[in-house]
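Right, one structure below, let's go through it.
The values are calculated or read from the model by the stated rules, or taken from the named source; none is laboratory data. Note that the structure is predicted; figures quoted are calculated from it, not measured. Every residue, glycine as well, gets a Cβ built from its backbone with ideal geometry; the counts of neighbours run over all protein chains shown. Surface areas here come from the heavy atoms of the whole protein model, side chains and all, with no ligands, DNA or RNA. Shrake-Rupley method; radii C 1.70, N 1.55, O 1.52, S 1.80 Å.
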Amino acid sequence: MEQTAILFDLDGTLLPMDNQVFIETYMKLLALKVAPMGFEPKALIKALWKGVDGMVHNQGGQTNEQVFWDIFAGQLGERVKELLPEFTHFYTHEFDQAKAVVGYQPLAGEAVKLARQKADRVILATTPQFPIEGILTRMKWAGLSPEWFDDITYYSNMCYCKPNPDYYRAILEKYDIRPENALMIGNDVNEDIIGAGKAGLGTYLVTDCQIGDDSSIFAPSGTFADLIEYLEKRPDKENM
């Protein structure tokens with residue numbers, strides 16, 4: 001029997017948020033962290049965004065982590081690489097303050113548990129631009145356990161980013177899953193729905209924190225409560 005998979009986005013899907021407010025808060029916290037280290041906050045934030053852009057345009061030659069740190073150090077000097085432990089500490093400590101500007105979806109855990117009944121693999125397909133520590137912290141805010149997922153994408157284990165269809169292809173190839181046997185659930189029309197659709201996956205657009213115009217797409221959509229009903233109607237994996 002062929003393997004099946006359900007993929008979940010994190011930010012704005014399992015973890016409700018206003019993306020702009022979250023990013024602004026995250027950047028302020030990071031600037032406060034690096035100021036005592038001798039780096040000018042504005043220069044560091046500018047370098048960080050250049051690194052992010054590099055990851056978005058990564059075509060698979062290196063991991064996103066390698067791309068980011070090469071660009072980041074190229075902007076700020078090789079000394080910044082010595083501060084990697086400080087950045088890790090940031091994502092497990094100071095970053096936690098950003099929880100104040102995100103929401104909580106009480107049905108998130110139920111959705112993931114339902115997915116486990118419906119598919120052989122359940123994957124947290126969150127944008128792989130963060131180290132694992134930053135993702136685990138946000139999962140904690142959402143009330144999610146890493147053990148509920150067969151895989152989590154982050155910047156060390158991916159060589160592509162959304163909305164590149166190769167991001168989705170890489171996930172499915174890892175588990176020998178055909179695109180038509182996979183479902184991507186997300187809130188971002190471009191990154192989650194169009195990107196996954198170009199790779200041949202089925203999609204479901206969660207509209208609670210929707211990003212982008214959905215007028216040009218033809219995919220199931222609805223609130224998170226609607227998603228629960230949608231998943232409940234899918235056959236269990238043993239009956240497929």
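Leaving out ligands and nucleic acids, note down the accessible area per residue over region 133-224 with a 1.4 angstrom probe, in whole Å². Spelled out: the 1.4 Å probe surface of region 133-224, per residue, equals 40 Å². When each of the peptides 60-69, 200-209 is scored by the mean number of other C-beta atoms lying within 10 Å of its residues, the order from highest to lowest reads 200-209, 60-69. So for region 25-147, what percent of the C-alpha to C-alpha distances run longer than 21 Å? Tail of the P(r) past 21 Å holds 47 percent of the pairs. For Glu173 and Asp208, the FRET efficiency from 1/(1 + (r/R0)^6), where r spans their Cβ atoms and R0 equals 25 Å, is about 0.20.
With both labels modelled 7 Å from their Cα along Cα-to-Cβ, the Asp226 to Leu107 distance reads 1.0 nm. Tally Lys/Arg at +1 and Asp/Glu at -1 over every other residue whose Cβ is under 9 Å from the Cβ of Tyr160; what's the total? Once all neighbours under 9 Å are counted, the net charge is +1. Here the chain is treated with +1 on each Lys and Arg Cβ and -1 on each Asp and Glu Cβ, and its dipole about the Cα centre works out to around 320 debye. Segment Gln20..Asp151, full-extension length gain: 44.5 nm, with 0.36 nm per residue of separation and the alpha-carbon distance subtracted. Computed over neighbours whose Cβ is under 11 Å from that of Gly51, the net charge equals -1, Lys and Arg +1, Asp and Glu -1. Taking the average, over residues, of other Cβ atoms within 10 Å as the packing measure, peptides 186-199, 100-113, 152-165 rank 186-199, 152-165, 100-113 from highest down.
Nonpolar atom fraction for the chain, defined as the carbon and sulfur part of the 1.4 Å probe accessible area, stands at 51 percent. Our Cα-only numbers for region 41-88 put the radius of gyration and Dmax at 10.4, 30 Å.
Measure nothing fancy, just the Cα-based angle from helix 19-34's long axis to the longest principal axis of the chain, in degrees from 0 to 90, nearest 10. The helix 19-34 is inclined about 30 degrees to the chain.
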